[in-house]
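For reference, the structure is listed below as structure tokens.
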Amino acid sequence: MASHTHKVDASQYCAQCKLGWHGRISCAEFRNLSKDERSREDILLMELARNRGWRRCPNCKIFVEKIDGCSHVSCRCGCQFNY
Ligand SMILES: [Zn+2]
Ligand SMILES: [Zn+2]
């Protein structure tokens, strides 16, 4: 089997940036992601986070749920950041 028989599903690629599938994440946002954050799971998690209003810890990159009425978030890694 020759390796060039591998087919790419067109629906898995963004028509605009052609970098890959990135769901509803914008092309610019997707470009800013590092290579290891571009998996389908990561994109889906990012979409979920957006829908739920989660914020991402700038230190350890996990998503942290906002507590109502507070704009200050503490991550389990000890990092604190503002919403
Ligand atoms: Zn795109
Ligand atoms: Zn953290």
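The values are calculated or read from the model by the stated rules, or taken from the named source; none is laboratory data. Keep in mind that what you see is a predicted model, and the values were worked out from it rather than measured. Cβ placement follows ideal geometry from the backbone for every residue including glycine, while neighbour counts extend to all protein chains displayed.
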Restricted to the range 1-54 and to residues being over 29 Å from I67 (Cβ atoms) and either among the β-branched types (V, I, T) or within 16 Å of ligand 2 (Cβ to nearest atom) (or both), the residue modelled with the lowest pLDDT is V8
For the range 54-73, which positions are under 24 Å from D36 (Cβ atoms), surrounded by 10 or more Cβ atoms within 10 Å (Cβ to Cβ) and over 12 Å from the mean Cα position of the chain (by Cα)? C57, N59, C60, V64, E65, V73
Looking at the range 65-79, which of its residues are within 13 Å of ligand 2 (Cβ to nearest atom) and at pLDDT below 90? E65, V73, S74
